[in-house]
């Protein structure tokens, strides 16, 4: 399992100190990394402005731009929570990947919900056991229906969008318009979603079953 703890944050900050940063730039970089480690999401520019008492988003941008030019942060234009720290391990060895985090996925009864990017999760390829592609994404697990596959409430799952699921794969799926995390099963030529907890029912699609991603790895956050 891979989990971010305070030691990881401290060691990462020490590696960043090798770059010629101003005190404020270093403080902002520390805040971005700490926010991700503690909450699994990156701060928005407005949140950074509030944290440091800046009167306008432009003041934040003035401090972020040097960090971006030095290759320490990256972001996607027009996306509020796409701001992410570029790990020095990723730059030096290519062993760390930033995977977008798209909210939570019910591991219980299927729920209607809109997924929005909350930021990124940085993972060590060796720890997660596979090399994520550009189609990888992460979801936070909510519920106990997958405990038979050792997936618990509060865990993060990494999935790949695109591959066809095989019988027995864990999948994130949209079943009749509702999202859920379950085991994909085909019986008698017909697919359904199996819960891995006897307290929850299996889900049989009435009209539509869309596979959003196939499970690849599990991340269990460090307990406080």
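Each reported figure results from applying straightforward, stated rules to the coordinates on display, with no laboratory input. Just so you know, these numbers come straight off a predicted model, no measurement behind them. Please note: Cβ atoms are built from the backbone with ideal geometry, for glycine as well, and neighbour counts cover all protein chains shown.
Work out, step by step, the length gained on full extension between residue 27 and residue 61: first 0.36 nm times the residue separation, then minus their alpha carbon distance; give nm to one decimal.
Values: separation 34, 0.36 × 34 = 12.24 nm, distance 1.42 nm.
Gain in length upon complete extension: 10.8 nm.
Report the paramagnetic label zone for residue 166: residues of the stretch 125-153 whose backbone N is under 17 Å from a point 7 Å from Cα along the Cα-to-Cβ axis.
Under 17 Å, as judged by backbone N against the label point of residue 166, lie 130-131 of the stretch 125-153.
Pull out a ≥ b ≥ c, the square roots of the eigenvalues of the alpha-carbon gyration tensor of the stretch 96-219, then state rounded if a/c is under 1.5, prolate if not and a/b is larger than b/c, and oblate in the remaining case.
Cα axes put the stretch 96-219 in the prolate bin.
How would the stretch 120-167 be classified by its alpha-carbon gyration tensor: rounded, prolate or oblate, with rounded meaning a/c under 1.5 and the a/b versus b/c comparison settling the rest?
It comes out oblate by the Cα gyration axes.
Give, in nm to one decimal, the length gained when the segment between residue 197 and residue 176 is fully stretched (0.36 nm per residue of separation minus the Cα-Cα distance).
Values: separation 21, 0.36 × 21 = 7.56 nm, distance 2.14 nm.
Here the segment from residue 197 to residue 176 would lengthen by 5.4 nm.
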